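For reference, the structure is listed below as structure tokens.
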Amino acid sequence: MLDNKRILLIVAGGIAAVKIPDLIRRLRERGASVRCIITKSGAQFVTPLTLAALSGDKVYQDLFSLTDESDMGHIRLSREADILLVAPATADIMAKMAMGQADDLATTALLATDKPVMIAPSMNVMMWTHPATQANLITLKNRAVRVIGPGVGDLACGEVGDGRMAEVPDILAALSQFFQKRQGQGALSGFHAIVTSGPTHEPIDAVRYIANRSSGKQGHAVATALAELGASVTLISGPTHEPDPDGVTVQHVETAAQMMKAAREALPAQIVVCAAAVADWKVDSTPGKKLKKGATPPSLSLSENPDILATLSQAGPQRPALVVGFAAETDNLIENAQLKRAAKNCDWIVANDVSPGSGAFGGDSNTVHLVTAAGVESWPTLRKRAVAERLAERIAAFAERNL
Ligand code: PMT
């Protein structure tokens, strides 16, 4: 959703400004262009040089700079953007915005703009709850300023409470949602997508099970990204600590057999993404009680689990038009992924480097290659959310051409 979007990022003077370099990086990873204005006090927390290096653009600071004004006047600056984002939005800049004060470049651009404005407030809890700030907040909301956060948590001043700037992924999600809503219907609106996510647990006895280290982060992010593009999504999740994504129908399962059954029952669908780390084997016979510790350890007899990806990829009237698998590989990544694509008859495989140290299982980032009939596309290491958004965009492009 953020591809080719132009963000005018106004950085005011709060400690949360230290999160802004990361925000810029993530925005650019998603294809957005970022141009920054920084206030005098903002520059006390993060240097204009850092912002310039990360945004790949000039950073604007001074309302009365002759060079800036001839290069890019403040009116043009405020208009050549798809959205103005104030982060962190301090009590001071909110008050100025509410009053229509324009005594520096940031507030002048905010007053002169004809574009939507979003703010991410950040301040001490007493400042946030002060009637003056709350009144300003109502004024801004009444003027259609979008507000993201603040969250509750430890504040830089040592107090705990409301006032912590929204985290970078939440700001990204709010921006994505904003652009999605503005586009009216998402590109995948009208399509049903099934996504599998997380590990499966295969019981050994009444209390023990075989599992793997999948956290569900990647699969859940894919479900969210598809839903954000308007798809109706059924997420079939093994046991994870991930919250159910908003706007997605979630089926909670434990074993591969249950995941298989839920996937079949969720058909028909036009799109399937199998991101789950399904256990390849299950224990043949599982007593309904806890196995007793004896003189010798029990031996486990295993048999193969059903392959959900291969089953859904089988030709037939219910075969989804696009079936995407993930291949978790520690060696010969691309070659093995290509073999898996052929063996399972799926359309695309996301080849996932899970070698030791990659952090793919359970971590927040992923290094993947998209393997299709057309070839291999290697993506840089990205946050799982960004991997999911790229994949969802590719799926939307497929749907536009073929469905
Ligand atoms: O959950 P995270 O911590 O975020 O980690 C993400 C991930 C590393 C688990 C994910 O990105 C990933 O790579 N998922 C696939 C893991 C896997 O089981 O890979 P595989 O190469 O063993 O299986 C290939 C494909 O077949 C996968 O799409 C898998 O879902 C599917 N499969 C496998 C076995 C089986 N019985 N049924 C299946 O559908």
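Remarks
- Screening the candidates Ala87, Ala120, Ala81 for the property of being part of a loop (DSSP other than H, G, I, E, B), closer than 30 Å to Asp364 by Cβ and either of a type in the set (Val, Ile, Thr) or open to solvent by less than 30 Å² (accessible area, probe 1.4 Å) (or both) yields one hit, Ala81.
Rundown of residues vs (1) in a strand (DSSP E or B); (2) closer than 14 Å to Val195 by Cα; (3) not aromatic (Phe, Trp, Tyr), yes/no style:
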site: Thr240; (1), (2), (3): no, no, yes
site: Asp244; (1), (2), (3): no, yes, yes
site: Gly247; (1), (2), (3): no, yes, yes
site: Gln251; (1), (2), (3): yes, yes, yes
site: Glu254; (1), (2), (3): no, no, yes
site: Ala263; (1), (2), (3): no, yes, yes
site: Val272; (1), (2), (3): yes, yes, yes
site: Ala279; (1), (2), (3): no, no, yes
site: Lys282; (1), (2), (3): yes, no, yes
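- Annotation note: Cβ proximity below 8 Å between a residue of the stretch 3-21 that is under 18 Å from Arg164 (Cα atoms) and a residue that is outside any strand (DSSP E or B) and among the charged types (D, E, K, R) (sequence gap 6+ or interchain) occurs for Ala12/Asp92; Gly13/Lys40; Gly13/Asp92; Lys19/Glu167.
- Selection of first residues in the stretch 338-354 that are of a type in the set (Lys, Arg) and of second residues that are more than 9 Å from the ligand (Cβ to nearest atom) and open to solvent by less than 80 Å² (accessible area, probe 1.4 Å), restricted to Cβ pairs under 9 Å at least 6 apart or on distinct chains, gives the following pairs, ordered by first then second residue: Lys340/Val371; Arg341/Asp347; Arg341/Trp348; Arg341/Val371; Arg341/Thr372; Lys344/Ser313; Lys344/Val323.
- One residue stands out among those in the stretch 240-278 that are among the small types (Gly, Ala, Ser) and crowded, with 22+ Cβ neighbours inside 10 Å: the one that is farthest from the ligand (Cβ to nearest atom), which is Ala269.
- Per the listing Arg143, Arg164, the residue uniquely outside the structural domain of Asp244 (by TED's automatic domain parsing), in contact (Cβ under 8 Å) with a residue 60 or more places away in the chain, out of contact with any Lys or Arg (no Cβ under 8 Å at 6 or more places or on another chain) and not β-branched (Val, Ile, Thr) is Arg164.
- Filtered residue count, the stretch 301-317, keeping only those that are assigned to a loop (DSSP other than H, G, I, E, B) and either in contact with a strand residue (DSSP E or B) (Cβ under 6 Å, 6 or more places away or on another chain) or near the ligand (Cβ under 8 Å from one of its atoms) (or both): 3
- Considering residues of the stretch 167-219 that are at positive phi and either outside the structural domain of Ser365 (by TED's automatic domain parsing) or more than 16 Å from the ligand (Cβ to nearest atom) (or both) only, the residue most open to solvent (accessible area, probe 1.4 Å): Gly190
- Unique residue being over 19 Å from Asp353 (Cβ atoms) and within 14 Å of the ligand (Cβ to nearest atom) when the list is Pro320, Pro298: Pro320
- Qualifying residue in the stretch 241-259 (condition: in contact with a Lys or Arg (Cβ under 7 Å, 6 or more places away or on another chain) and within 18 Å of Ser176 (Cα to Cα)): no
- Matching entry among Leu235, Leu226 (being within 23 Å of Ala327 (Cβ to Cβ), in contact with a helix residue (DSSP H, G or I) (Cβ under 6 Å, 6 or more places away or on another chain), open to solvent by less than 20 Å² (accessible area, probe 1.4 Å) and assigned to a helix (DSSP H, G or I)): Leu226
- The set of residues in the stretch 358-382 that are of a type in the set (Ser, Thr, Tyr) and crowded, with 19+ Cβ neighbours inside 10 Å contains only Thr367.
The values are calculated or read from the model by the stated rules, or taken from the named source; none is laboratory data. Predicted model only: the values in this text are computed from it and were never measured. For neighbour counting, all protein chains shown are included, and Cβ atoms are generated from backbone atoms with ideal geometry for every residue, glycine included. The accessibility values were calculated without ligands, DNA or RNA, using every heavy atom of the protein model including side chains. Shrake-Rupley method; radii C 1.70, N 1.55, O 1.52, S 1.80 Å.
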